[in-house]
Amino acid sequence: MSEQNNGTIRSSFWSNLFGTSSGIMDLRNTLLAIPVFKGLTGREISSVTNLMHERNYIKGEYIFYQDDPGIGMYIIREGTVEIKRAFENKETLSLALLNKGDFFGELALIDGEKRSASAIAVDDSKLAVIFKPDLDEFVDKFPKTGTKILQGINQVVIARLRKLNEDIISLQVKLKIKSEEVYGT
């Protein structure tokens, strides 16, 4: 697709290939808003943007499947992504619906284990991806910045674990109350 503006032809092919300065600024701002990258300086964020790969997905396309190797963290620049978990009995459970500015798959940057769920583009989506091998190389070259990123990932994981613990306690309390209502004390 191309458009003409003041006699100049702009091709989306070339802007996708080389990016645009406004696209880079948008990515920088998005990264600064993500807890994983919160402690980084402007210069460090610029270095991280060089690690990012842009991927486009059409509505209904799988970004990755449950049990795929975990190879990277994804940041939604445009669109919506659903995270789904399949079970042995063929049932699926929607775990999250994520939008612009949200991120997922960050555990892959730490452990590289299999994906615990699938990610599907709900509509046409543009994602930025940081792959584990690229981050590993970055950490080797820039250990101070790399450590900040890994600490950011750890903080996200810790916050999610604390929330999960609170949810489990809340469910246990509700089950106890329900049990007492049904069976008495």
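Consider the range 70-116 and keep the residues that are of a type in the set (Asp, Glu) and out of contact with any Gly (no Cβ under 8 Å at 6 or more places or on another chain). The one that is nearest to Asn56 (Cα to Cα) is Glu78.
Of all the listed residues (Gly146, Gly112), the sole one being outside any loop (DSSP other than H, G, I, E, B) and over 13 Å from the mean Cα position of the chain (by Cα) is Gly146. Here the strands (runs of 3 or more DSSP E) wholly within the range 42-94 that include at least 1 residues being of a type in the set (Ser, Thr, Tyr) and within 12 Å of Ile130 (Cβ to Cβ) are 72-78. Selection of the range 124-143 for residues being assigned to a helix (DSSP H, G or I) and either out of contact with any Leu (no Cβ under 9 Å at 6 or more places or on another chain) or of a type in the set (Asp, Glu) (or both) yields Pro133, Asp134, Asp136, Glu137, Asp140, Lys141, Pro143.
For the range 111-128, state whether one or more residues are in contact with a Phe, Trp or Tyr (Cβ under 9 Å, 6 or more places away or on another chain), touching a residue at least 24 places away in the same chain (Cβ under 8 Å), closer than 15 Å to Ile34 by Cα and of a type outside the set (Lys, Arg). Yes: one or more hits. Scanning the range 121-131 for residues being crowded, with 18+ Cβ neighbours inside 10 Å and more than 12 Å from the chain's Cα centre (by Cα) gives a total of 2.
Throughout, read-outs are computed from the coordinates displayed, never taken from laboratory work. Since we're looking at a predicted model, the values are computed, not measured. Note that we place each Cβ from the backbone using ideal geometry, even for glycine, and neighbour counts take in every protein chain shown.
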